[in-house]
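Student: Dumping the structure here so I can ask a few things about it.
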Amino acid sequence: GESVGLHLPTLSVQEGDNSIINCAYSNSASDYFIWYKQESGKGPQFIIDIRSNMDKRQGQRVTVLLNKTVKHLSLQIAATQPGDSAVYFCAERSKAGGSYIPTFGRGTSLIVHP
Amino acid sequence: KAGVTQTPRYLIKTRGQQVTLSCSPISGHRSVSWYQQTPGQGLQFLFEYFSETQRNKGNFPGRFSGRQFSNSRSEMNVSTLELGDSALYLCASSLDGPRTEAFFGQGTRLTVV
């Protein structure tokens, strides 16, 4: 889920397990959401996106679920692998004064144990 | 296809100085966005340029500015550096803006001493 303060929440899983990472977004007017993966020393990498007119979208080993009622987004990773270890964060885009402004969550650190 | 290239990778500057960071987007991408990433604040949007025009702007002071050239390459400038400007500055490019997949560079690590 979202972090509070300087410390990221951590999710530890065993290789082969399914992982679920949660994100609470803030703006009910947000209409586009993205999940990113960031490995140490690298820039964020796009994983999957979803528009607000959908509630579920699947990719390769990943599924994003969107619950607009409670403003909640989740990322499910199937059969988690050690290479999935990284910080995952969600982003929402909303329109403010005619401009699209992206807002990012603090992230969740995923640790996959072999 | 080459990815997003940011230069330099690391930079140390003194308070009060100014700095310019460079970003070369993926070929064909016209949108370039800049972000600041710190442990305390996470990833924050600075601004987006599209076809040489600033199209979106985040909530940062005027010391932070940018520009985009006709070949879509972009530069970001920070004047009168403060200690709190120490951060990883990331650039992302996309085909045409906020709704398309964005590709990030590896960032420029700026340390202000």
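Student: I need a count of the residues in region B:27-43 that are in a loop (DSSP other than H, G, I, E, B) and not hydroxyl-bearing (Ser, Thr, Tyr).
Tutor: Total meeting the criteria: 6.
Student: Right, another one. When region B:51-66 is examined, which residues are found to be exposed (fewer than 15 other Cβ atoms within 10 Å of the Cβ), away from chain A (no Cβ under 14 Å) and either closer than 20 Å to residue B:18 by Cβ or not hydroxyl-bearing (Ser, Thr, Tyr) (or both)?
Tutor: Residues satisfying the conditions are B:52, B:61, B:62, B:63.
Student: Just one of (1) closer than 17 Å to residue B:64 by Cα; (2) out of contact with any Ser or Thr (no Cβ under 7 Å at 6 or more places or on another chain); (3) more than 11 Å from every other protein chain (Cβ to nearest Cβ) trips up residue B:28, so point out which.
Tutor: It fails just one condition, (1).
Student: Would you be able to tell me the number of residues in region B:76-93 that are surrounded by 22 or more Cβ atoms within 10 Å (Cβ to Cβ) and polar (S, T, N, Q)?
Tutor: Summing the residues that are surrounded by 22 or more Cβ atoms within 10 Å (Cβ to Cβ) and polar (S, T, N, Q) in region B:76-93 gives 1.
Student: For the condition on the phi > 0 side of the Ramachandran plot and touching a Phe, Trp or Tyr at 6+ places or on another chain (Cβ under 7 Å), what is the one hit in B:42, B:16?
Tutor: Unique residue meeting the criteria: B:42.
Student: While we're here: Tell me, which strands (runs of 3 or more DSSP E) lie completely within region A:18-113 with 2 or more residues that are away from chain B (no Cβ under 14 Å) and not polar (S, T, N, Q)?
Tutor: Qualifying strands (runs of 3 or more DSSP E): A:19-24, A:62-67, A:72-77, A:108-113.
Each value in this text was obtained by applying a stated rule to the coordinates, not by laboratory testing. The structure displayed is predicted, hence computed values, not measured ones. Note that each Cβ is placed from the backbone with ideal geometry, even for glycine, and that neighbours are counted across all protein chains shown.
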